[in-house]
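Chemist: Submitted below is the structure of interest, expressed as structure tokens.
The values are calculated or read from the model by the stated rules, or taken from the named source; none is laboratory data. Predicted model, so just to flag it, every value in this text is computed and none were measured. Every residue, glycine as well, gets a Cβ built from its backbone with ideal geometry; the counts of neighbours run over all protein chains shown. All accessible areas refer to the heavy atoms of the entire protein, side chains included, with ligands and DNA or RNA removed. Shrake-Rupley method; radii C 1.70, N 1.55, O 1.52, S 1.80 Å.
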Amino acid sequence: MQHKLDTLTKLAYAAALDAGKWSSFLQACSDLAGGGVRTCLTGYDLDAHIDLGARQFGYDPAFEQTYADYFFERDFLAGRMLSAGAGQLVSYGDVWRDPALRRTEFYDDWVRPQEDITGGCSALLFKQERRLFAFSGSIRAKDTERLEAPWQEIVRHMLPHLQQAFEIARTVAGAEIEKKALVNVVDPASAGCLVVTRSRRIVFANQQAETLLETGDVIRCDLRHRFAFASETWQRHFSAIIAKSDGSFRQPQTFSISNSDGKPSLTCRIAPLATEELEYRPSGILFGNEEPCFLFTLAGRSDSPDVAVLLCETFGLTPNEARVVVHLAGGLSPKEIAELRGTSISTVRNQLHAAMGKMEARRQSDIVGMVTAMRH
């Protein structure tokens with residue numbers, strides 16, 4: 001059994017890096033318990049009634065669809081999970097002992113028709129206010145005695161590993177979001193980026209953005225983790241932009257924030273973010289597939305010329321060569337630069353080669369050092 005649990009653990013970590021493997025993981029969990037356990041990883045927003053993405057194994061597709069279309073908002077188990085707290089196991093047998101629950105529409109029209117799936121348990125992996133992700137398994141009443149113990153053993157063993165895998169997935173997805181947000185930023189290392197929903201809920205913030213939120217001088221968040229500008233003027237401007245998420249807001253919007261002297265100190269960029277734009281879509285970033293979200297970038301301004309302009313003036317680089325050099329200095333690989341600029345990797349390599357020749361650099365690390373010196 002331990003060997004099989006170790007194999008299951010490895011599969012969970014593999015799925016954290018490749019979301020397509022979660023289905024195989026869920027099937028392997030059911031198989032290890034002895035078959036007959038209907039497994040799922042699912043997310044909820046209990047306030048907005050938004051499905052944050054779910055993956056299931058063993059459920060009839062028709063019941064999966066009716067749950068997504070109707071019973072999702074009538075599933076009281078999500079609220080029960082939230083009150084239990086992260087890392088705590090909730091036994092369905094304990095929940096269904098309440099006679100009143102067996103008179104609900106959820107039981108009569110969804111649980112009972114699936115051969116009375118009242119056995120099993122769930123464990124909460126993560127929660128942020130009233131958003132949560134859980135690992136669950138449902139068992140038919142007639143199979144509960146046979147499958148309940150092995151299933152609970154699997155859940156208890158996997159819980160800390162799934163929480164860690166969840167954080168890995170969040171980190172990987174966050175890195176992709178940062179890459180997308182900071183593509184045109186001269187100094188990515190000092191820029192903050194966030195993902196904010198239309199209801200102003202912050203669902204992602206990089207380290208620099210977290211620092212800005214804690215300081216509260218420019219941006220801040222309330223107790224419900226909702227985004228706001230420190231200035232009412234900036235907040236009204238921001239609200240006017242995201243109010244256009246009905247379809248008229250398609251292109252990024254950029255504006256400047258001024259300091260107390262009235263001089264621009266930060267450049268703000270807001271762009272609509274569609275989940276299908278992300279190459280990596282894990283159960284780790286807490287927004288739903290249909291939920292309007294916005295990618296928000298805060299970058300410092302400087303009175304000195306743009307580094308790309310300096311590169312052109314100092315070394316005679318073309319604008320494209322200069323921008324590629326800036327991206328390289330920002331930590332991107334040639335492959336990532338090609339993806340961001342919508343060109344081939346061979347083009348990027350040719351531009352880097354030409355730039356190195358003009359800058360009399362022998363290694364790519366040399367031009368990174370030159371860009372760093374220019375910035376300081």
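Chemist: Hey, can you tell me all the residues within the range 218-235 that are of a type in the set (V, I, T) and open to solvent by 40 Å² or more (accessible area, probe 1.4 Å)?
Modeler: In the first step, residues of the range 218-235 are kept if they are of a type in the set (V, I, T); the result is 218-219, 233.
Listed by number, the list holds a single entry, T233.
Chemist: Turning to a different aspect of this structure: Looking at E214, E148, E153, which is the one that is of a type in the set (D, E) and farther than 30 Å from V95 by Cα?
Modeler: Values: E148 fails: farther than 30 Å from V95 by Cα; E153 fails: farther than 30 Å from V95 by Cα.
The unique qualifying residue is E214.
Chemist: Out of the range 121-179, which residues are of a type in the set (G, A, S), under 14 Å from A86 (Cα atoms) and touching a residue at least 40 places away in the same chain (Cβ under 8 Å)? Outline the logic, then answer.
Modeler: Applying the first criterion (of a type in the set (G, A, S)) to the range 121-179 yields 122-123, 134, 136-138, 141, 149, 165, 169, 173-175.
Among the residues that remain, those that are also under 14 Å from A86 (Cα atoms) are: 122-123, 134, 136.
Selection gives S122, A134, S136.
Chemist: Give the number of residues within the range 151-160 that are surrounded by fewer than 20 Cβ atoms within 10 Å (Cβ to Cβ) and either acidic (D, E) or over 15 Å from H3 (Cβ atoms) (or both).
Modeler: Of the residues in the range 151-160, the ones surrounded by fewer than 20 Cβ atoms within 10 Å (Cβ to Cβ) are 152-153, 156-157, 159-160.
From the residues that got through so far, the ones that are either acidic (D, E) or over 15 Å from H3 (Cβ atoms) (or both) too are 152-153, 156, 159-160.
Residues meeting the conditions: 5.
Chemist: Being under 19 Å from E73 (Cβ atoms), at pLDDT 95 or above and assigned to a strand (DSSP E or B) narrows it down to one residue among S138, S122; which is it? First the steps, then the outcome.
Modeler: Values: S122 fails: at pLDDT 95 or above.
Among S138, S122, only S138 is under 19 Å from E73 (Cβ atoms), at pLDDT 95 or above and assigned to a strand (DSSP E or B).
Chemist: For the range 65-86, which positions are of a type in the set (G, A, S) and in a helix (DSSP H, G or I)?
Modeler: Here is the first cut: in the range 65-86, the ones of a type in the set (G, A, S) are 68, 78-79, 83-86.
Residues satisfying the conditions are A68, A78, G79, S83, A84.
Chemist: Output the residue which, of all residues in the range 184-196 that are modelled with pLDDT under 80 and either crowded, with 18+ Cβ neighbours inside 10 Å or basic (K, R) (or both), is farthest from the chain's Cα centre (by Cα).
Modeler: Here is the first cut: in the range 184-196, the ones modelled with pLDDT under 80 are 184-190.
Going one step further and asking which of them are either crowded, with 18+ Cβ neighbours inside 10 Å or basic (K, R) (or both), we end up with 185-186, 188.
Details: V185: 21, V186: 24, P188: 19 Å.
Applying the filter and picking the extreme gives V186.
Chemist: For the range 101-111, check the following and say yes or no: at least one residue is under 27 Å from the mean Cα position of the chain (by Cα) and under 19 Å from A134 (Cα atoms).
Modeler: Taking the range 101-111 first, the residues under 27 Å from the mean Cα position of the chain (by Cα) are none.
No: zero hits.
Chemist: State all residues of the range 5-32 that are in contact (Cβ under 8 Å) with a residue 40 or more places away in the chain and open to solvent by 10 Å² or more (accessible area, probe 1.4 Å); if no residue qualifies, say none. Working first, answer last.
Modeler: Keep residues of the range 5-32 that are in contact (Cβ under 8 Å) with a residue 40 or more places away in the chain, which gives 5, 8-9, 12-13, 15-17, 19, 22, 29-30, 32.
Selection gives T9, Y13, L17, A19, W22, L32.
Chemist: Take L89 and decide whether it is under 30 Å from H161 (Cβ atoms) and open to solvent by less than 40 Å² (accessible area, probe 1.4 Å). Walk me through how you get there before you give the answer.
Modeler: Values: under 30 Å from H161 (Cβ atoms): yes; open to solvent by less than 40 Å² (accessible area, probe 1.4 Å): no.
So L89 does not fit the description; no.
Chemist: When the residues of the range 35-72 are narrowed to those that are surrounded by fewer than 14 Cβ atoms within 10 Å (Cβ to Cβ) and either under 22 Å from R102 (Cβ atoms) or of a type in the set (A, V, I, L, M) (or both), which ends up modelled with the lowest pLDDT?
Modeler: Restricting to residues being surrounded by fewer than 14 Cβ atoms within 10 Å (Cβ to Cβ) and either under 22 Å from R102 (Cβ atoms) or of a type in the set (A, V, I, L, M) (or both), the top hit is A68.
Chemist: Also: Exactly one condition in (1) modelled with pLDDT under 80; (2) open to solvent by 60 Å² or more (accessible area, probe 1.4 Å) is false for Q207; which is it?
Modeler: (1)
Chemist: Restricting to the range 2-34, name every residue that is among the acidic types (D, E) and at pLDDT 90 or above. So that I can check it myself, show each step before the final result.
Modeler: Taking the range 2-34 first, the residues among the acidic types (D, E) are 6, 18, 31.
Correct list: D6, D31.
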